[in-house]
Structures are given as structure tokens and as C-alpha cells.
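The values are calculated or read from the model by the stated rules, or taken from the named source; none is laboratory data. Quick caveat, the model's predicted, so the values are computed rather than measured. Cβ placement follows ideal geometry from the backbone for every residue including glycine, while neighbour counts extend to all protein chains displayed. For accessibility, only protein heavy atoms count, side chains too; no ligands or nucleic acids. Shrake-Rupley method; radii C 1.70, N 1.55, O 1.52, S 1.80 Å.
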Amino acid sequence: MTKGRLEAFSDGVLAIIITIMVLELRIPEGYTFQALRPMAFKFLSYIFSFLYVGIYWNNHHHLFQAVEHVNGKVLWANLHLLFWLSILPFATSWMGENDFAENPVALYGFILLMCALAFNILQKLCLDLEGKDSVIAKALKSTLKEKVSAAIYISGIVLSFYFPVAAVIMYYLVALLWTIPDLRIEKNLEQ
């Protein structure tokens, strides 16, 4: 199977996810900057989630630059990733509406963890399909970044019940870790 439809569908779903998140930002009553103050947590939640969706879009793009073909397992793994990403707008809104309260922050972290696990499953299935001598196999020899991210998510979920703002900061640190371009695949494509 070719990968074009999978990429196009994924791009469309990710665009819809971003659209849903931005539509949750309601115009405040009033015209002063003070009127924006009650929206601070909602806006921060939106920024974090927009950043995460952008990171997944970027990494998904890089992954499928290195993949030649897809099969049914890869299609289902991709849907699994899109499922978790599609729940992100709900968690984003809930977390922002409740000023980074414990339970919404824990759920947000859980969804981020599940997105990460789903992407790792997708990578693994692509690797299995492409083979151990493929570009993707050479690029993904080290998974340190993925392991560190998962550990921080789990720590953040636990911490969210005691210090939810600290947990959000931890989630943001993971996002910063991934905004540094993951050039493993790109470097191997150039060789």
C-alpha cells in the first residue's frame, strides 16, 4: 500500500484538532486587556496543546518521509495515534477552564503519555515493515528521548495531584525537548 492517503488523512485530522482547540477560545466580555485576564489558563492550555499537535505533525511528517509503504497494522496504529490526539482538545479545554486543577492536569498528562506511546507503536510497526536495514531503522537506534519523555509524563501525572502547576511545567519541558528538531530521520535520509 502507498502512504499518501494515510498522510493526507492524518494532516486533515490534525488540522481539525487545531481548529477545534482554537474555537474553544471564546471572545471575552469587554475590550480592555483586563478582560483577557480570566482567559489566561485557557490560552496557556491552548498554546501547550497547539505546540504538541505541531510536534506530532512534524514528527509524523519525518517518519513518513522515511517509510516507503504501509500495511493494515500501520494504518491501525496511525488511527490509534489520531484517537489520542483527537482527545487533546477536550483535555485542553477542561484543564484551561479549571485553572490547572489536579484532575484535569492529570488527565492531560495521561493523554500526552498515551499519544507518546501510540507514536512509539506507530514507529515500531513502521520499523518492522521497513526492515532492519532501512533508513528508519538507522535513524531510530536510540530511543533515549522517548524514554525520558515517558518518564517525565508519568512523574507529571503523579505530581499533578499535589502540585498541578509543576506538572504542567514538566509537560511543557517535554514539549521543549521535542521542539528541538528530531533530526535522526532527516540525517539518515540525506545519506
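Of all residues in the stretch 61-80, those satisfying the criterion of being over 17 Å from residue 131 (Cβ atoms) and open to solvent by 10 Å² or more (accessible area, probe 1.4 Å) are 61, 62, 72, 75, 76, 79, 80. For the stretch 16-27, residues that are open to solvent by 30 Å² or more (accessible area, probe 1.4 Å), within 19 Å of residue 91 (Cβ to Cβ) and over 13 Å from the mean Cα position of the chain (by Cα) total 8.
Condition check ((1) modelled with pLDDT of 95 or more; (2) closer than 20 Å to residue 12 by Cα; (3) assigned to a helix (DSSP H, G or I)) across all residues:
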{"site": "75", "(1), (2), (3)": "yes, yes, yes"}
{"site": "89", "(1), (2), (3)": "yes, yes, yes"}
{"site": "128", "(1), (2), (3)": "no, no, yes"}
{"site": "150", "(1), (2), (3)": "yes, no, yes"}
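Only residues that are touching a residue at least 24 places away in the same chain (Cβ under 8 Å), surrounded by fewer than 20 Cβ atoms within 10 Å (Cβ to Cβ) and under 17 Å from residue 55 (Cα atoms) were counted in the stretch 130-151, giving 4. Pick from the stretch 29-46 the residues that are surrounded by 15 or more Cβ atoms within 10 Å (Cβ to Cβ) and either in contact with a Phe, Trp or Tyr (Cβ under 6 Å, 6 or more places away or on another chain) or not small (Gly, Ala, Ser) (or both): which of them is farthest from residue 85 (Cα to Cα)? In this case the residue turns out to be 39. Sub-7 Å Cβ pairs linking a first residue in the stretch 12-31 that is touching a residue at least 12 places away in the same chain (Cβ under 8 Å) and closer than 26 Å to residue 56 by Cα to a second residue that is among the polar types (S, T, N, Q) and outside any loop (DSSP other than H, G, I, E, B), at least 6 apart or interchain, are 13/86; 17/86; 21/49; 21/92; 24/93, ordered by first then second residue. Any chance you could count how many residues in the stretch 55-80 are in contact with a Ser or Thr (Cβ under 8 Å, 6 or more places away or on another chain) and without any contact (Cβ under 8 Å) to a residue 40 or more places away in the chain? So the answer is 0.
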